[in-house]
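The values are calculated or read from the model by the stated rules, or taken from the named source; none is laboratory data. As the structure is a prediction and not an experimental result, all values here were calculated from the model. In this analysis, Cβ positions are derived from the backbone assuming ideal geometry, glycine residues included, and neighbour counts consider all displayed protein chains. To get the accessible areas, we keep the full protein, side chains included, count just its heavy atoms, and leave off ligands, DNA and RNA. Shrake-Rupley method; radii C 1.70, N 1.55, O 1.52, S 1.80 Å.
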Amino acid sequence: MKIRVNQTKLALVSLFLISTMPILAQVSKPNILVILCDDLGYSDVGFNGSKDIITPELDKLAHDGTIFSSAYVAHPFCGPSRAALMTGRYPHEFGAPYNLPDMGMNMKDGVPVEETFFSNALQQAGYYTSAIGKWHLGYGEQFHPNNRGFDDFYGFLGGGHDYFPEDFKVKYDAQIKNGNKNIYAYLKPLTHNKEEVDEKEYITDALSREAVRVIKEAKEKQKPFFMYLAYNAPHVPLEAKEEDLKVFEHIQDKDRRTYAAMVYAVDRGVGQIVNKLKETKQFENTLIVFLSDNGGNIEHGANNFPLKGTKGDTYEGGFRVPMFFHWPNKVPAGKRFDYVVSAIDLYPTFVKLAGATIPEGKKLDGKDIWSNFLDGKNTHKDDMIYAVRYRFGFSDVGARKENYKIVKAGPNSKWKLFDAKNDPSETKDLSGKFPKILKEMVDETKKWSESHVTPLWFDNKKGEEMWFNTNMPNYDKAFKLD
Ligand code: CA
């Protein structure tokens, strides 16, 4: 009799464990929301000290989370930076150091499918995955977001887009009417998955609306979600809504005012997203990662203070970006993290957090930073963080290790050494004082450059001709110390 009772109890306990296991497993998987801005300057958000642009929603998340002062991307402009984020590797190693063209070239290229994106890994681990906004990672069918680990895609495949449908539709229709087969990607209709849609809202608002939709759907599906929300704002063309421009009437410079209003529209959208996460009770279990794909373009309204340089440069202003993590009770609140981290670290970090598996044979340059980050420790103690940008006939290089940074920028420039932590404006060249450190860092960067391959595509015909006519990448010249 006694034995029978115990058996019943055991059976009940087993039944309870089996029935609750999937729920427990599901709860333990965090939602991951990556909010990527395009060409957002280092100090163009309140949480990084902007004096004229207000970003209350982003600031609240940043201050309730951890702000990274030394977050880098792997390239100082759009396409290669995004390719690195998605693959966890430097784009030079798999032929993607150039932007994909937005018109006039063979628009069938894309990031090689052998470079499995982390979205694939998360999708396989049971995540509802979505990409919203700018893609810029490939035009051909095999490169479409739906074929690269994203269940849902809403946005545009090119490197940017005009913002007002009432304007870009007119331009697009006129080109169709004229029989133009080579239409600029910035004017093309947005798509949901592979179907064209008749978008009617200001693009930034449309992308925020779609993010809210996906958050609602994830709740209905009872699945953890991964969302890659890639706003094209505040990338050119500088186009803002009247209601947002009104907020910045105090800014005299027209470009800066429009740019500020575009950033504010993103911030407004982030507020809607946070509200939906809270309303659906997913906020507490969501890691929010906010960053920019490269530095701000100071010719078009951005401000990278105190960093030197602009988008495209291997100075800090080219590839050191604003970034924060937010996750209630998981990510330390009200903290700053000053050690170097890179966008290529997100791949292994997310895969680990999601309980997913790194695809077999996948090469990674980034590292899982999670436990070190929580402990306030440096993951990249002995690692170099690189940026190489190809110009016409020469290569610009920047590389940081711990506090030191080496830079070569310009056709006949000399190598310089800076203390990037204490001198982010790169004003005091230390190469004469520490020649040994300079040489070691240049040698290490040169060794890494041996992993680079010939680009698979070029952003324009001139770039392609230049590459072959001027013997690019000219690394012999680039890595020569004199
Ligand atoms: Ca960009």
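Would you mind calculating the relative contact order of the stretch 195-279 from Cα pairs under 8 angstrom and at least 6 residues apart, reporting the percent as a whole number?
Worked out over the stretch 195-279, it gives 38 percent.
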Notebook entry, point to check: Between the stretch 403-482 and the stretch 120-135, what's the alpha-carbon centroid distance in Å?
Noted result: 35 Å
Next item on the list: Calculate what fraction, in whole %, of the accessible area of the stretch 29-375 sits on carbon and sulfur atoms when a 1.4 Å probe is rolled over the protein chains.
Entry: 49 percent
Next item on the list: Provide the net charge surrounding PRO101, with neighbours chosen by a C-beta distance below 13 Å and charges set as Lys +1, Arg +1, Asp -1, Glu -1.
Entry: -1
Next item on the list: Would you pull out the residues with amide H under 5 Å of PHE225's amide H, same chain only if 5 or more places away, H placed 1.01 Å from N?
Entry: ASN31, ILE32, TYR128
Notebook entry, point to check: Accessible area per residue of the chain at 1.4 Å probe, in Å²?
Noted result: 43 Å²
Checklist line | 11 Å beta-carbon shell around HIS161, net charge (K/R +1, D/E -1) | finding: -3
Note to self: Could you tell me how far the Cα centroid of the stretch 36-82 sits from the Cα centroid of the stretch 314-331, in Å?
What the structure shows: 6 Å
Notebook entry, point to check: If you place +1 on the Cβ of every Lys and Arg and -1 on the Cβ of every Asp and Glu, how big does the dipole about the Cα centre of the chain come out, in debye to the nearest 20?
Noted result: 1440 debye
Next item on the list: Apply the Karplus parameterisation 6.51 cos²θ - 1.76 cosθ + 1.60, with θ equal to phi minus 60°, to every residue of the stretch 148-154 and state each ³J(HN,Hα) to the nearest whole Hz, in sequence, with x for glycine and proline.
Entry: 10, x, 10, 5, 10, 10, 9
Item checked: Relative packing of peptides 159-171, 185-197, 107-119 - highest average C-beta neighbours within 10 Å first -> 107-119, 159-171, 185-197
Check: Can you list residues whose amide H is under 5 Å from LEU40's amide H, if they're 5+ apart or on another chain and H is modeled 1.01 Å from N?
Finding: ASP293, ASN294
Item checked: Potential lengthening between LYS446 and GLU141 on full extension [0.36 nm per residue; Cα-Cα distance subtracted] -> 106.2 nm
Notebook entry, point to check: When the accessible area of the stretch 379-482 is split by element with a 1.4 Å probe, what percent falls to carbon and sulfur?
Noted result: 51 percent
Notebook entry, point to check: If r is the Cβ-Cβ distance from ASP419 to ALA125 and R0 is 41 Å, what FRET efficiency results, to the nearest 0.05?
Noted result: 0.50
Next item on the list: Scan the stretch 230-299 for trypsin sites (Lys or Arg not before Pro) in coil per DSSP, keeping those whose Cβ has at most 11 other Cβ atoms within 10 Å, and list them by number.
Entry: LYS281
Check: Percent relative contact order of the stretch 107-205, based on C-alpha pairs within less than 8 angstrom and at least six residues apart?
Finding: 25 percent
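Over the stretch 263-388, calculate the relative contact order: mean separation of alpha carbon pairs under 8 Å at least 6 apart, over the residue count, as a percent.
18 percent
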Next item on the list: Lys and Arg at +1, Asp and Glu at -1: add these up for the other residues within a Cβ distance under 14 Å of LYS194 and post the number.
Entry: -3
Check: When averaged across all projection directions, what area in nm² does the alpha-carbon convex hull of the chain cover?
Finding: 26.3 nm²
Next item on the list: Assuming a ≥ b ≥ c are the square roots of the Cα gyration tensor eigenvalues, decide whether the stretch 223-346 counts as rounded (a/c under 1.5), prolate (otherwise, with a/b larger than b/c) or oblate.
Entry: oblate
Item checked: Filter on LYS29/LYS216; LYS405/LYS428; LYS278/LYS367 - keep pairs with C-alpha separation over 20 Å -> LYS278/LYS367
Next item on the list: Using 0.36 nm per residue of separation minus the Cα-Cα distance, give me the extension gain between ASN193 and ASP255 in nm, one decimal.
Entry: 19.0 nm
Next item on the list: Would you work out which of ALA233, PRO473, ALA354 lies farthest towards the positive end of the dipole of the chain, given +1 charges on the beta-carbon of Lys and Arg and -1 on that of Asp and Glu, about the Cα centre?
Entry: ALA354
Checklist line | Using a Förster distance of 45 Å, the FRET efficiency for GLU201-ASP338 (Cβ separation, nearest 0.05) | finding: 0.70
Next item on the list: Pop the C-beta distance of ILE183 and ASN471 into the FRET formula with R0 = 41 Å and round what comes out to the nearest 0.05.
Entry: 0.75
Check: Which distance in nm do the two modelled labels at ASN403 and GLN175 give, with both placed 7 Å along the Cα-to-Cβ direction?
Finding: 5.1 nm
Note to self: I need the peptides 456-466, 146-156 ranked by packing, meaning the mean over residues of other C-beta atoms within 10 angstrom, with the highest value on top.
What the structure shows: 146-156, 456-466
Notebook entry, point to check: Hey, can you list the DSSP H helices of the chain whose Cα span along the axis is 20 Å or longer and whose average Kyte-Doolittle score is at least 1.6?
Noted result: none
